[in-house]
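Below you'll find the structure, written out as structure tokens, and then a few comments.
The values are calculated or read from the model by the stated rules, or taken from the named source; none is laboratory data. Note that the coordinates shown come from a computational prediction; the quantities given were computed from them, not determined experimentally. Positions of Cβ are generated from backbone atoms using ideal geometry, with glycine treated the same way; all protein chains shown enter the neighbour counts. What goes into the accessible areas is simple: the full protein's heavy atoms, side chains included, and nothing from ligands, DNA or RNA. Shrake-Rupley method; radii C 1.70, N 1.55, O 1.52, S 1.80 Å.
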Amino acid sequence: MEWRARQAWAPRVRSLPTRHAPSDSMALPCASRLGVIFFTVFLDLLGFGLVLPLLPQFARQHGASEAVIGLLGATYSAIQFVCAPLWGRLSDRIGRRPVLLASIAGSAISYLAFALAPTLAMLFVARALAGAMAANIGTAQAYIADITPPERRARGMGLIGAAFGLGFVFGPALALVVQGQRAVGLTAAALSCLDLLLAARWLPESLPPERRGKATSPREGRLLRMARALRSPKVGVGVRCLFVATLAWSGLEVTASLLVKERAAALLATDPALVLEVQRRTGLLFAIMGLTAALVQGGLAGRLARRYPEARLATAGLLAAAIAMASLPWVGSPVALAAAAIGLALGQGLYYPALSALISRAVPAHEQGGSLGLAQGFASLARAIGPALAGGLFAWARPLPFLAGALLLATAGIWLLRSGTPTSPSAG
């Protein structure tokens, strides 16, 4: 009887610390941890989406030219390109939780610096700091890879894309209410502080101690790691496709706005009120795109991944987005424009989580952070150079950036088809 009493009491004693130890990877069930990481990324992207649409306006108030505004926009992605792989490899060594908390805290500081920036130079400093702290995405993807089995990884990666979509919908919507550089920066900083508090309380560690610090070639040079990743028969195709697709998508974000502005200017000669109507409809279309991408990545992509290989889903998404992007310069009616926008969002909602899952499944468990961080570094590089290339093509001929983007997306789809990346349908 005494032995049984000790056995009955022992499990309860061992289970007590898990209620108060957020660093324990088993403190929450998988579904709860996915929800926490989704909300963490969503709050981070909400602050980012709040600042991004108003950044050119604030830069102009400090006397910036269009070229300088473009450089300011590229600063974030360029610094992120340098730092994201470093954060990812650090998360492989010390764990995901401390890296995520540090990046969220750094984002809050960068938004505070943005709010108080008195000069254009300080705006550049604030955006560079924000880019340096943008470790959330690659590390969050590694977190999901830690807690999901390979056959359900595409569904988990889709949550990151859903948080992206919703952040870019509600962030700009919040920008319509919050006015002024200081108010915008302080609001974004407050969102990051809220994110930090919630993550510190509810986000447990996902990487067990025995899997930390095992990443290979810790002193290998950055360029050598990038070249090795591109040459890798398993990781290379996913990284190349992600880079090319992001290059096309980042160019679209700029040229779509230029196209709308040009159409609005043409209408200005007949009825100035139509300009506001065009802008309103364009904002609504981008909101529809964000919501469509969030719904696809948050639900549909995961269900399809149970029946079809990730490579097939990514190929279908890339080709669908290519067709929709090629049609953009030629559509005239609001209904046709909405159909093209939904096609773009549907394609992006399929290929983004599928490519992330492919990259994740191609590397060992102890290299998830470094590999996914490296992939996000390539994506950041694409976001840094894509807008400038697309803007130059738009100045040369209006349809060119859309056709070039469609060609890039189709090329990525063909790469996947020819790569022979197998993988069987997920048994979800």
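Filter the trypsin sites (Lys or Arg not before Pro) in segment 295-392 to those in DSSP coil with at most 13 other Cβ atoms within 10 Å of their Cβ, and list the result.
Those satisfying the criteria are 307.
With a 1.4 Å probe and every protein chain left in place, tell me how much accessible area residue 93 has, in Å² to the nearest 10.
We get 110 Å² for residue 93.
Only four residue types carry charge here, +1 at the Cβ of Lys and Arg and -1 at the Cβ of Asp and Glu. Report the dipole size of segment 295-422 about the Cα centre in Debye, rounded to the nearest 20. Intermediate results must be reported in sequence, preceding the final value.
Values: 8 positive and 2 negative charges, 48 e Å.
With Lys and Arg at +1 and Asp and Glu at -1, about 240 debye.
Give a residue-ordered list of calculated ³J(HN,Hα) values for segment 96-109 (Karplus: 6.51 cos²θ - 1.76 cosθ + 1.60, θ = phi - 60°; whole Hz; x for Gly, Pro).
These are the phi-based 3J(HN,Hα) values: 6, 4, x, 5, 5, 5, 5, 5, 5, 4, x, 5, 4, 5 Hz.
Please work out how much length the chain gains when fully extended from residue 197 to residue 109, using 0.36 nm per residue of separation minus the C-alpha to C-alpha distance, in nm with one decimal.
Additional length available on full extension: 30.2 nm.
Quick check: residue separation of residue 417 and residue 227 times 0.36 nm, minus the Cα distance between them. What number comes out in nm?
Extra length from residue 417 to residue 227 when fully extended: 66.2 nm.
Of the listed peptides 83-90, 182-189, 408-415, 374-381, what is their order by residue-averaged count of other C-beta atoms within 10 Å, with the highest listed first?
Highest mean packing first, the order is 374-381, 83-90, 408-415, 182-189.
With every protein chain in place, what's the accessible area of residue 398 (1.4 Å probe, Å², nearest 10)?
Solvent-accessible area, nearest 10 Å²: 90 Å².
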